[in-house]
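Please read the structure below before turning to the comments.
Nothing in this text is a laboratory measurement; each read-out follows from the coordinates by a stated rule. What you see is a predicted model; the values in this text were computed from it and never measured. Positions of Cβ are backbone-derived with ideal geometry, glycine not excepted, and every protein chain shown enters the neighbour counts.
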Amino acid sequence: MPTFVRADGRIDIKSLTLAEIEAALTGLGSERFRAVQVYKWLWQRGVSRFDEMTNVARSVRELLEERFYIAFLEVVAVQASIDGTHKFLWATEEGHRIESVMIPDDGRNTLCVSSQAGCAMACTFCLTGDLGLRRHLRPSEIANQPLQVRQRLDAQYRISNIVMMGMGEPLHNLDNLLPALEIYLDEQALNFSHRKITVSTVGLVPQLQKLAESTPVNLAVSLNATTEEQRREVMPITRKYSMQALLDACRELPLKQTKRITFEYVMMAGFNDSLADAQRLVRLMRGIKSKINLIPYNENPARAIKRPADGVVRAFQHHLVAHGLQASVRITRGRDISAACGQLGKADPDAARVEGTSIAAIRIRREGEGYDASRFAFDDIV
Ligand code: SF4
């Protein structure tokens, strides 16, 4: 497991799992049970100083102070939408901006969490993709998002669900995601049920298999197309893992009886919203325990992509349901504060954007010689 060490030599203790804290403390001559005490103080009480851990012996607290530090994200801004959605803009230690979005809906409060600062996947419809990858978030930074939202919002907004659908591709950062999920799930830490956590991916096939073998959380796959060519147009990762390979892997995943994979389908007018697309989607889902989440595109000035008319979305959904699929339409939330799907990172001052750019223009720009290959680092994805 990677450890994160500050310039002063102290380790980010919140990026360690309980087993790692235990190993570290026993290695320093402390009793094993101290690790559980410390872990609870970090994740259940959310303390910011070791000397607040009043039931931990002073000598252990001093040892902790010497070897470790307690990481928090800096709160840059909190914006509330007229529909109750809250967007949190955070800064990492070195100033990278990331965002989380709390979406209250029908008695549930879903927190959309970021896994990376920026993103390397460059999906053409997504504004976060314009940023490129700044860096992977550490386990502490992924797990601090729900902790710090809990600390800031009233009890009326108690987080009930977590979706890893904020900035970044979670499976590109699997080494840090897995310990963060352990912190989410551990009853001595954040104590979420695996049924309430969903990890979304563009489809990094080996990592998807590893995730499904490692943890029982829900899976979502961002599909957004019904042919290989169409998917390559909006999701360049398709060049690395074809849609066919991805769907075959989904058929084989070791899922529990009750689990279904959610397929997210961003609907873009005139691109992937035809009846022929709906028919192909029905065929593609054969043999997969699936549910489809249709997401009408959130229009924005940086893209010429249009949202399909409501009637088109309904007809598409109707075709899927009539052919035996579970299909829902996601209601757009938080649009007035740029918290809607695909809009995160919009306020990033470094993102150079061209107004009204089409899918083809974005793809050509990204494939052109001006494109920074480090932003598109698929080679490090095995
Ligand atoms: S849709 Fe997700 S994976 Fe694709 S560029 Fe945006 S943040 Fe990255």
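Here are some notes:
- Pairs with C-alpha atoms separated by more than 18 Å, drawn from the list Lys14/Lys40; Lys259/Lys289; Lys256/Lys291; Lys259/Lys291, do not occur.
- Extension gain (nm, one decimal) between Gln188 and Arg45, 0.36 nm per residue minus Cα-Cα: 50.4 nm
- Cα long-axis angle, helix 205-214 against the chain (0 to 90 degrees, to the nearest 10): 50 degrees
- Between region 1-64 and region 89-161, the C-alpha centres lie 25 angstrom from each other.
- Estimated vicinal HN-Hα couplings, Hz - region 121-129 in sequence order (Karplus 6.51, -1.76, 1.60; Gly, Pro = x): 7, 6, 4, 5, 7, 10, 6, 4, x
- Rounded FRET efficiency, nearest 0.05, which uses the C-beta distance separating Val5 from Ala80 and R0 of 30 Å: 0.20
- Contact order relative to length of the chain, as percent, for alpha carbon pairs under 8 angstrom and 6 or more apart: 15 percent
- Between the amide H of Ile292 and those of Phe263, Gln326, Ala327, Ser328, distances stay under 5 Å, these residues lying 5 or more places away or on another chain, with hydrogens modeled in the peptide plane.
- Between helix 174-185 and the chain: long-axis angle, C-alpha atoms, 0 to 90°, nearest 10: 70 degrees
- DSSP bridge orientation in the chain - percent antiparallel, rounded to nearest 5: 45 percent
- Taking the helices alone, the chain has a mean residue ellipticity at 222 nm of -9000 deg cm²/dmol, built from -39,500 (n - 2.57) per DSSP H run of at least 4 residues and averaged over all its residues.
- Linear extension gain, Arg314 paired with Glu94, 0.36 nm per residue minus alpha-carbon span: 74.7 nm
- The chain: angle of helix 310-322 to the longest principal axis, Cα-based, in degrees nearest 10: 80 degrees
- Hz values of 3J(HN,Hα) by residue in region 299-309 - Karplus curve (6.51, -1.76, 1.60), Gly and Pro given as x: 5, 7, x, 7, 9, 8, 6, 10, 7, x, 4
- Aspartates and glutamates with Cα under 13 Å of Lys210, excluding same-chain neighbours fewer than 8 positions away: Asp175, Glu252
- Estimated inter-spin distance, Arg108 and Arg58, nm [label 7 Å along Cα→Cβ]: 5.0 nm
- Phi to ³J(HN,Hα) by Karplus 6.51 cos²θ - 1.76 cosθ + 1.60 over region 134-149, Hz, x for Gly, Pro: 8, 6, 5, 7, 6, x, 4, 6, 6, 7, 5, 4, x, 4, 6, 5
- Rounded, prolate or oblate (a/c below 1.5 giving rounded, otherwise prolate when a/b exceeds b/c) for region 11-69 by Cα gyration tensor: rounded
- Global form of region 74-380, assessed from the alpha-carbon gyration tensor, a/c cut-off 1.5: rounded
- Count Lys and Arg as plus one, Asp and Glu as minus one, and take only other residues whose Cβ is under 10 Å from that of Thr26; the net charge is then 0.
- Taking amide H positions as modeled 1.01 Å from N, with prolines and chain starts lacking one, the residues under 5 Å from Thr85 and 5 or more places away or on another chain are Gly334.
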